[in-house]
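Engineer: Structure in C-alpha cells, see below.
Only the coordinates and a few stated rules stand behind these numbers; no lab work does. In this text, all values refer to a predicted model and were calculated from it rather than measured experimentally. Note that each Cβ is placed from the backbone with ideal geometry, even for glycine, and that neighbours are counted across all protein chains shown.
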C-alpha cells in the first residue's frame, strides 16, 4: 500500500511539473490557430517507410486536429493527432486502405501546457499524455501513403473555408518527429528538444520567421504558415463549455458522445466532438467562439439536443443536462434531411415554379417534422406540413401530412440501402390516388425525389421525372 501511495504522489508531482506555470510569469510567443482557416503546410514524411517513429507536440488550450497527413476516410491512408473523440479520431493512423488504429486522448485541461506523443516501434502503437501512458495496442505499419500529400499543422488536407471541417484551434509551441521510439514508460516531458541524429523534423518558437516555419533538424523541411499568428500564449483567453451529463435516473453517465457545432449545417459547419469521462464530465475549449452553438449528445438510444447556446467569450459556461430515450436510431438515416431545401422548375406556361421543403427534429429527435410551400411566379399555390415518427404500437416508421384543406395523408416509411420509400394515401378524399414516392441523396447537399407506385409485391416502382432539391441556408 505504501509503495502505491508513493507512486501516486510521484505521478501527481510529475503532472504538476509538466504543466505548472508560475503566477505572473510571461508567456513567450508561440503559434496560435483560431480554428478558422489557420494552418501550416509542411513537407510529406514517409511514415510507411520508417521502422519506428515518434510524433510529439506541446500544445495549450487546444481543440480539434493538431497534425494530419493524408485524408482520413480516403481510399488512401492518413495519420493524425487530434483531441476529437469520434471512433476515427484521437491519435491514429490508417492502414490497408482505410482501416483505423486509434487511441483517444479526449479534451485537454484548459490553461495548461500539454505534451502529447504518438509512437510506433514496428509492432506496438502507443500514446502518452504528459508523460503518462494512455494506451498501447498492436497495429500494423501505417500507410501506404501518397507522397504527393502534405503534412499539415492545425487542419486536415480536406479542411477548407467553404466546408470548415477538421480545423484545430489553440496554441502550439513545439512539434518534433523522430525516427525512433523515444519513450517506454512514465517520463517527465522536457520543454526543450534538441535536434539530434534521430530528429526528422523540429519546429519551436525559434522556427517562426514571418510566414515561414523553419525546420531546425538537418533535413531542412520548412513549413509555410497560412494564417496562424505568432503571439503570447496568454493573449487570448479560451471560452470553455463544460458540465455533467446524467441518465434518466440522474446518475452521471460515461462515454456519451457529444457534438458541438456552429454555422450552417453541412454547408459552413464548424464542429468538435467529445465524450464524457467516468464521472459524466465533458468540456470543450473554444479559442475564438462563434455567436451561437448547437449541441447534440447520444449514447445508445439516449439522446439530448440543444440549440441556440450563447457562450461568454473568455469565460467558462457550465451546462449540465440529461439524456433521455429517443426513437432517433429508428430513422437516423434522416439526419441529413433536417435542413432547408429548394427545387426550381418551369411550368408548361413558362412560369417559374419553386418548391420549398423545410425539415427539423422535434421531441428529442423522436420526430422529424417538416413543411412545404409551392410557389408559381412567387405566388403560393400549395402548402402543408407533416411528420415522420416511430409508431411503437405497430413497431414501424410512419408518416403523416396535411394540406391547407386539412386533408390527411398517412402511410409507412421503408428504409432501404439506397432509398427511403414512402407509401401513403389520402384519408377520406375522393378521387385522390395513393402517393408513393422515394427520397435519396445524390450527395450531402442534393436531395432527389421521385414519385411512382407500389406493385402487387409491395415493391416501389418509380415513374416520372426526378425532382432535385438543393440544400440552402
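Engineer: With each pseudo-label sitting 7 Å past Cα toward Cβ, what's the residue 250-residue 192 distance in nm, one decimal?
Structural biologist: A separation of 5.5 nm, rounded to one decimal place.
Engineer: Between segment 268-336 and segment 208-262, how far is it from one alpha carbon centroid to the other, in angstrom?
Structural biologist: Using only Cα atoms, the two centres lie 17 Å from each other.
Engineer: Normalised by the number of residues in the chain, what is the relative contact order in percent for Cα pairs under 8 Å and 6+ residues apart?
Structural biologist: Averaging sequence separation for qualifying contacts and normalising by length gives 12 percent for the chain.
Engineer: With r defined as the distance between the Cβ atoms of residue 412 and residue 184 and R0 fixed at 60 Å, what FRET efficiency is calculated, to the nearest 0.05?
Structural biologist: Once the sixth-power term is evaluated, E becomes 0.50.
Engineer: Residue separation times 0.36 nm, minus the C-alpha to C-alpha distance between residue 385 and residue 257: what's the value?
Structural biologist: Contour length minus Cα-Cα distance gives 42.9 nm.
Engineer: Which of the peptides 48-58, 139-149, 398-408 is most tightly packed, and how do the rest follow, judged by the mean count of other Cβ atoms within 10 Å per residue?
Structural biologist: Top to bottom by mean Cβ count within 10 Å: 48-58, 139-149, 398-408.
Engineer: Follow-up question, since we're still on this one. Rounded to the nearest 5, what % of the DSSP beta bridges within the chain are antiparallel ones?
Structural biologist: DSSP beta bridges in the chain are roughly 95 percent antiparallel.
Engineer: Also, I was wondering about something else. Rank by packing, highest mean first: peptides 456-464, 109-117, with packing defined as the count of other Cβ atoms within 10 Å averaged across residues.
Structural biologist: So the order, starting with the most tightly packed, is 109-117, 456-464.
Engineer: In nanometres, what is the gap between the two model label sites at residue 470 and residue 109, each 7 Å from Cα along Cα-to-Cβ?
Structural biologist: According to this spin-label approximation, the distance is 5.1 nm.
Engineer: Add -39500 (n - 2.57) for each DSSP H run of 4 or more in the chain, then divide by its residues: what number comes out at 222 nm, to the nearest 500 deg cm²/dmol?
Structural biologist: So the helix-based figure for the chain works out to -1500 deg cm²/dmol.
Engineer: So I have (i) 183; (ii) 149; (iii) 203, and one of them is volume of the Cα convex hull per residue in Å³ calculated from this model. Which one is it?
Structural biologist: Looking at volume of the Cα convex hull per residue in Å³ for this model, the match is (iii).
Engineer: Report the label-to-label distance for residue 321 and residue 292 in nanometres (one decimal), using points 7 Å from each Cα along the Cα→Cβ vector.
Structural biologist: Between residue 321 and residue 292, the simple spin-label model gives 1.5 nm.
Engineer: May I ask you to derive the relative contact order of segment 27-232, considering only C-alpha pairs under 8 Å and at least 6 residues apart, and to give it as an integer percent?
Structural biologist: Relative CO of segment 27-232 lands at 32 percent.
Engineer: Still on this structure, please answer the following. Run the numbers on segment 326-436 and let me know its relative contact order in percent, using alpha-carbon pairs under 8 Å that are six or more apart.
Structural biologist: Answer for segment 326-436 is 15 percent.
Engineer: Between 0 and 90 degrees, rounded to the nearest ten: what's the tilt of helix 2-19 against the longest Cα principal axis of the chain?
Structural biologist: Its long axis makes an angle of about 80 degrees.
Engineer: Once the Cβ-Cβ distance between residue 445 and residue 349 is put in as r, and R0 is 22 Å, what FRET efficiency do you end up with, to the nearest 0.05?
Structural biologist: Given R0 = 22 Å and the Cβ-Cβ separation, E is 0.15.
Engineer: Apply 1/(1 + (r/R0)^6) to the Cβ-Cβ distance of residue 301 and residue 373, taking R0 = 22 Å, and write down the FRET efficiency to the nearest 0.05.
Structural biologist: It comes to 0.05.
Engineer: Starting from 0 in steps of 5 Å, tell me what percent of the Cα-Cα pairs of segment 184-342 lands in each bin.
Structural biologist: Calculated over all Cα pairs of segment 184-342, the distribution is 2, 7, 12, 13, 13, 12, 11, 10, 9, 6, 3, 0 percent.
Engineer: Also: So how do 340, 270 line up by other beta-carbon neighbours within 10 Å, fewest first?
Structural biologist: Starting with the residue having the fewest Cβ neighbours, the order is 340, 270.
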